Amino acid sequence: MASDNKIHEYLDTLEQDKIMIETHFANMERILKDDPKLDQQKAFGLLNNFNTLSIQYDQLCNDLINFIKIFKGKDEQEIRLYKTDELIQLLEEKLNQL
């Protein structure tokens, strides 16, 4: 029973980390859409932050999928992935404007 609690605790931690990164992605989108005074330095900062978070997000989702397959079974749970295509397009458009 204690191991089931630890498994559930670890799964919750992965889910919380995933949600945190998705929140950062959503905030980046909001900044890119709503900030008319976004300068080159801020845009490059967002791009660097996006690159770092994207790597972490890919690895986290991969770990989460593998964890679910091993401990929960393949059919027990699916995870939702954040669509970063729009965010990438917004970053590219903003950088091209600068």
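The C-beta contact set for the stretch 59-79 (first residue surrounded by 12 or more Cβ atoms within 10 Å (Cβ to Cβ), second residue of a type in the set (F, W, Y) and modelled with pLDDT of 85 or more, distance under 9 angstrom, 6+ apart or interchain) comprises F67/Y10; F71/Y10. Every condition in (1) β-branched (V, I, T); (2) at pLDDT below 90; (3) under 16 Å from the mean Cα position of the chain (by Cα) holds for T13 except the one numbered (2). Taking F44, is it farther than 30 Å from H8 by Cα and aromatic (F, W, Y)? Yes, satisfied. What number of residues within the stretch 1-21 are out of contact with any helix residue (DSSP H, G or I) (no Cβ under 8 Å at 6 or more places or on another chain) and in contact (Cβ under 8 Å) with a residue 24 or more places away in the chain? So the answer is 0.
L38 fulfils the conditions (1) farther than 27 Å from S3 by Cα; (2) part of a helix (DSSP H, G or I) except for a single criterion, (2).
Filtering L87, L47, L81, L60 for residues that are part of a helix (DSSP H, G or I), under 15 Å from D17 (Cβ atoms) and among the aliphatic types (A, V, I, L, M) leaves a single hit, L60. Here A43 clears all of (1) surrounded by fewer than 16 Cβ atoms within 10 Å (Cβ to Cβ); (2) touching a helix residue (DSSP H, G or I) at 6+ places or on another chain (Cβ under 7 Å) except the condition numbered (1).
The values are calculated or read from the model by the stated rules, or taken from the named source; none is laboratory data. The structure presented is a predicted model; accordingly, all values stated were derived computationally and were not measured. So basically every Cβ, Gly included, is an ideal-geometry build from the backbone, and we count neighbours across all protein chains shown.
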